[in-house]
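J.: My questions will all concern the structure given below.
The values are calculated or read from the model by the stated rules, or taken from the named source; none is laboratory data. It should be emphasised that the depicted structure is a prediction, and the values quoted were computed from it without experimental measurement. Here Cβ is always computed from backbone atoms with ideal geometry, including for glycine, and neighbour counts include all displayed protein chains. We work out accessible area using only protein heavy atoms, side chains counted, and drop any ligands, DNA or RNA first. Shrake-Rupley method; radii C 1.70, N 1.55, O 1.52, S 1.80 Å.
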Amino acid sequence: MPGTVIAIDGPAASGKSSVSKGVAEALGYTFVSSGHFYRTLAWGILRDALPLPLQATEVDAWVPTLSLELKDSRIFLDGQDATGHLSAPEVATMVSQAAAIPSIRNLVNSNLRTLANSLDLVMEGRDIGSVVFPDTPYKFYLDASPEERARRRAREGLVDSVSERDRLDSSRATAPLIIPQGADVIDTTHLTLNEVIEVVLSHLQDVTPSRS
Ligand code: CDP
Ligand code: CDP
């Protein structure tokens with residue numbers, strides 16, 4: 001039987017990964033960052049020096065040559081561990097361009113859906129409730145003011161193109177960032193991490209802790 005999926009979407013630095021990790025821990029579910037898959041492919045584009053600006057036809061020919069794998073919370077591209085590269089500024093700059101290309105999205109989506117065949121998941125991203133698992137009854141959309149989100153990233157000491165990624169992610173033709181139909185929207189601007197986790201868990205009282 002396929003696992004239960006809790007989908008958590010929202011813009012950059014809205015708290016998706018920290019909140020998803022907390023919710024996954026509370027329920028014994030597996031946490032999955034779909035952004036890590038997109039960041040891995042952005043790293044691969046830089047590694048393989050694909051011509052820039054990216055052309056869909058070049059990317060379409062490249063994608064079938066790849067092997068992408070999540071193992072013990074680490075992510076591998078063609079057997080190389082990409083995990084340590086995912087927060088690099090050049091990856092952050094490339095990722096939203098890469099994520100706008102349909103062949104990249106198809107590759108990531110098929111990997112994400114395969115995980116749900118055998119695991120109970122808390123999965124975060126931009127289109128998890130709208131496109132990847134539209135039938136899950138458990139959907140959340142986290143938001144926070146742009147100023148608060150920029151502050152959160154800066155506090156982490158990361159150089160990140162948050163507002164430019166938001167613009168690209170919300171305006172692309174394929175699977176743009178939207179509030180999924182039926183999602184609970186949580187404005188986290190004035191909430192602590194633990195408060196957000198509590199709000200999400202309070203909406204999940206009918207979810208059974210993991211059997212996987
Ligand atoms: O942590 P943060 O929200 O800053 O980014 P992320 O979740 O690591 O995602 C990095 C980028 O991947 C996003 O800016 C999107 O361009 C893309 N992405 C996407 O298109 N769809 C998803 N489901 C997840 C990420
Ligand atoms: O995954 P996403 O980019 O949406 O955000 P994140 O990486 O989970 O959160 C960005 C930063 O904001 C982290 O350092 C969190 O601890 C912090 N955060 C916060 O200060 N208050 C919240 N309510 C949620 C997250």
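J.: Gaussian network model of the chain, Cα springs within a sub-10 Å range: biggest mean-square fluctuation belongs to which of GLY129, GLY44, GLY157?
T.: Judging by the Gaussian network model, the answer is GLY157.
J.: Moving on. Using a 1.4 Å probe on the protein heavy atoms only, what accessible surface does HIS203 show? Give it in Å² to the nearest 10.
T.: So the heavy atoms of HIS203 present about 90 Å² to solvent.
J.: Here's something else I'd like to know. Separation between the SER67 and GLU148 pseudo-spin-labels, each 7 Å from Cα along Cα→Cβ, expressed in nm?
T.: 4.4
J.: Right, another one. Once the convex hull of the alpha carbons of the range 37-160 is built, what does its volume come to per residue, in cubic angstrom? Don't jump to the answer; show the numbers that get you there.
T.: Working: hull volume 16.2 nm³, N = 124.
Normalising the Cα hull of the range 37-160 by residue number yields 131 Å³.
J.: Over the range 5-202, with the other protein chains present, what is the accessible area per residue in square angstrom, probe 1.4 angstrom?
T.: Spelled out: the 1.4 Å probe surface of the range 5-202, per residue, equals 46 Å².
J.: What Kirkwood Rh does the range 4-72 have if only Cα atoms enter the pairwise 1/r average? Answer in Å. Please list the in-between numbers first.
T.: Details: mean 1/r = 0.0695 Å⁻¹.
One over the average 1/r among Cα pairs gives 14.4 Å for the range 4-72.
J.: While we're on this one: Give the accessible area for SER171 in Å² (nearest 10); use a 1.4 Å probe, count only protein heavy atoms, and leave out ligands, DNA and RNA.
T.: Taking all protein chains as shown, SER171 has close to 80 Å².
J.: Further, regarding this structure: Under the rule of at least 5 residues apart or a separate chain, name every residue whose amide H is placed under 5 Å from the amide H of ASP184.
T.: Hits under the 5 Å cutoff: LYS139, PHE140, TYR141.
J.: Further question: Give the Debye-formula value of log10 I(q)/I(0) at each listed q (0.18 Å⁻¹), with one equal scatterer per alpha carbon of the chain, two decimals each.
T.: Listed by q, the Debye log ratios stand at -1.39.
J.: A follow-up question, please. Calculate how many DSSP beta bridges within the chain are antiparallel, expressed in % of all such bridges and rounded to the nearest 5.
T.: Working: 6 of 23 bridges.
The antiparallel proportion sits near 25 percent.
J.: How big is D for the range 140-180, in µm² s⁻¹ as a whole number, if Stokes-Einstein is applied with the Kirkwood radius of its Cα pairs at 37 °C and 0.692 mPa s?
T.: Estimated diffusion coefficient is 288 µm²/s.
J.: Considering only ASP48, ASP166, ASP187, give the residue with the highest GNM mean-square fluctuation for the chain, with springs between Cα atoms whenever their separation is below 10 Å.
T.: Of the options given, ASP48 has the highest mean-square fluctuation.
J.: Under the rule of at least 5 residues apart or a separate chain, name every residue whose amide H is placed under 5 Å from the amide H of PHE31.
T.: VAL122
J.: State the Cα centre-to-centre distance between the range 3-68 and the range 107-174 in whole Å.
T.: Here the two parts' Cα centres lie 9 Å apart.
J.: Leaving ligands, DNA and RNA out of it, report the carbon-plus-sulfur percent of the accessible area of the range 88-192 at a 1.4 Å probe.
T.: Numbers: 2730 of 4930 Å².
The value for the range 88-192 is 55 percent carbon and sulfur by accessible area.
J.: Of the residues ALA26, ALA99, ALA12, which exhibits the maximal mean-square fluctuation in a Gaussian network model of the chain defined by a 10 Å Cα contact cut-off?
T.: Maximum among the listed residues: ALA26.
J.: Residue separation times 0.36 nm, minus the C-alpha to C-alpha distance between ASP81 and LEU52: what's the value?
T.: Length difference between fully extended and current span is 8.1 nm.
J.: So, one more: How much space per residue, in cubic angstrom, does the convex hull of the C-alpha atoms of the range 63-102 take up? Show your work: numbers first, answer last.
T.: Working: hull volume 3.4 nm³, N = 40.
Roughly 84 Å³ of hull volume per residue.
J.: Placing +1 on the Cβ of each Lys and Arg and -1 on the Cβ of each Asp and Glu in the chain, which of PHE140, LEU86, VAL196 has its Cα farthest towards the positive end of the resulting dipole?
T.: Farthest towards the positive pole: LEU86.
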